[in-house]
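**Q** The structure follows.
Since every read-out is calculated from the coordinates, none of them should be taken as a lab result. The structure presented is a predicted model; accordingly, all values stated were derived computationally and were not measured. Please note: Cβ atoms are built from the backbone with ideal geometry, for glycine as well, and neighbour counts cover all protein chains shown.
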Amino acid sequence: MRTKKIEPFLFLAPALFVLLVVFGVPIYRLFVLSFQRQSQGKQIFVGLSNYKLIFMDNVFIQAIQHNGTLIICVPIMVVAALLLSILLFERIRGWQFYRTTLFLPYLLPITVVGLVFSYIFQFSGVLNGILNAIGLKFLALDWLGSTHLALPTLMFVIIWKEMGFGVILFLARLMSVDEELYDAAKIDGANWLQLHLNITLPQLSTVIEFFTVISIITMLSWVFNYVYVMTNGGPGNATIVTELYIYLMAFQYNNINLAAAVSVLLLLVTGIFIFLELYLRDRAEVGEALG
């Protein structure tokens with residue numbers, strides 16, 4: 001009887017060991033380094049000094065602010081993905097082609113997307129060339145070279161690429177909704193807006209929560225490639241984010257301890273949203289089980 005109880009853990013043990021070695025040890029080392037500082041070739045314990053230093057760094061504060069600004073992308077992506085998925089669900093003409101077109105950007109490597117849009121949005125790039133050719137020269141701006149336009153331009157690219165994931169998630173859930181609900185509502189005289197407010201949104205609530213949390217995590221800890229390829233944090237520090245700050249601290253300025261401190265903070269914040277997603281998923285499963 002006791003053997004049967006421990007048998008599942010025996011099967012899991014090899015995988016758990018690999019996870020511990022691959023993830024557990026580096027994370028432990030990261031926490032240790034965040035409380036140390038190199039002095040005379042040795043790592044000495046300095047407590048919270050590294051954390052105090054990073055919060056005194058204006059560049060780090062800018063990076064946090066930019067990550068916060070990027071979160072504005074989340075509601076835009078949710079609303080746009082929701083509207084597009086509803087249109088696809090209603091099977092407008094060519095909906096299968098549109099579905100593929102909308103999801104394709106999400107499948108493209110971020111490096112490719114970044115390089116293509118860098119070429120499009122540079123001052124002498126494709127977009128400004130077209131605007132000049134059609135007589136709209138006043139709209140030809142320095143999209144990536146302006147401190148005011150670089151971050152919004154980056155946000156546009158992120159929305160364009162990441163929105164497709166939400167469209168497919170919402171559409172997949174809508175495909176499983178009983179269409180008799182919509183038919184009954186139409187018979188009762190519900191209009192288009194009432195149909196989707198009273199049927200679609202409640203049916204998509206858990207998927208919307210999932211996509212929202214995942215998108216927030218993306219804006220906080222998964223935009224390095226966009227920034228590095230398109231702007232490298234510039235012009236000046238107009239598009240620097242926490243991930244790029246960590247990279248610069250660790251590999252350009254060779255200050256691994258400050259980089260570790262920022263990494264720990266980013267890990268903790270991201271972990272909060274991961275646990276939030278797990279909580280929302282468990283709550284949804286309990287709700288479905290009850291009824």
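**Q** Using modelled amide H (1.01 Å from N, peptide plane; none on Pro or chain starts), what sits under 5 Å from the amide H of residue 141, excluding residues fewer than 5 places away?
**A** none
**Q** Rounded, prolate or oblate: which one fits the stretch 200-253, using the alpha carbon gyration tensor with axes a ≥ b ≥ c (rounded when a/c is under 1.5, else prolate when a/b beats b/c, else oblate)? Intermediate values should be presented prior to the final figure.
**A** On the way: a/c = 4.59, a/b = 2.92, b/c = 1.57.
Cα axes put the stretch 200-253 in the prolate bin.
**Q** I need 155, 77 ordered by Cβ neighbour count within 10 Å, fewest first.
**A** Values: 155 20, 77 25.
Neighbour counts put them in this order, fewest first: 155, 77.
**Q** Name the long-range amide H neighbours of residue 36: under 5 Å, sequence gap of 5 or more, or other chain; modelled H, no Pro or chain starts.
**A** It is 46, by chain and number.
**Q** Using a 10 Å cut-off around each Cβ, can you sort 240, 274, 134 from fewest to most neighbouring Cβ atoms?
**A** Details: 240 24, 274 14, 134 9.
Result, fewest neighbours first: 134, 274, 240.
**Q** Nearest 500 deg cm²/dmol is fine: what mean residue ellipticity at 222 nm does the chain get from its DSSP H runs of n ≥ 4 alone, each adding -39,500 (n - 2.57), divided by its residue count?
**A** Values: 15 runs with 206 residues, N = 291.
-22500 deg cm²/dmol, from helical runs alone.
**Q** To continue, here is another question. Is the shape of the stretch 1-98 rounded, prolate or oblate, going by the alpha carbon gyration tensor and its root eigenvalues a ≥ b ≥ c, with a/c under 1.5 for rounded and a/b larger than b/c for prolate? Could you put the intermediate results ahead of the total?
**A** Working: a/c = 4.09, a/b = 1.26, b/c = 3.26.
Oblate, because a/c is 1.5 or more while a/b does not exceed b/c.
**Q** Further question on the same structure: Order of 182, 253 from fewest to most other C-beta atoms within 10 Å?
**A** Details: 182 17, 253 10.
Lowest to highest Cβ neighbour count: 253, 182.
**Q** Can you tell me which lysines have their Cα less than 19 Å from the Cα of residue 161? Leave out same-chain residues fewer than eight positions away.
**A** Correct list for residue 161: empty, as no lysines qualify.
**Q** Would you give the gap between the C-alpha center of the stretch 163-193 and the C-alpha center of the stretch 50-79, rounded to a whole Å?
**A** 36 Å
**Q** Follow-up question, since we're still on this one. In whole Hz and in residue order, list the ³J(HN,Hα) couplings for the stretch 85-101 that follow from phi through the Karplus curve 6.51 cos²θ - 1.76 cosθ + 1.60, θ = phi - 60°; x for Gly and Pro.
**A** Values per residue, Gly and Pro as x: 5, 5, 5, 5, 5, 7, 6, 5, 4, x, 4, 5, 5, 5, 4, 5, 5 Hz.
**Q** Moving to a separate point now. Please say if the stretch 180-291 is rounded, prolate or oblate, where rounded means a/c under 1.5 for a ≥ b ≥ c the square roots of the C-alpha gyration tensor eigenvalues, and otherwise the choice is prolate for a/b larger than b/c and oblate otherwise? Intermediate results must be reported in sequence, preceding the final value.
**A** Working: a/c = 6.24, a/b = 2.29, b/c = 2.73.
Here the stretch 180-291 falls in the oblate category.
**Q** If you place +1 on the Cβ of every Lys and Arg, -1 on the Cβ of every Asp and Glu, and leave all else neutral, what size is the dipole of the chain about its Cα centre, to the nearest 20 Debye?
**A** Details: 16 positive and 16 negative charges, 184 e Å.
Rounded to the nearest 20 debye, it is 880 debye.
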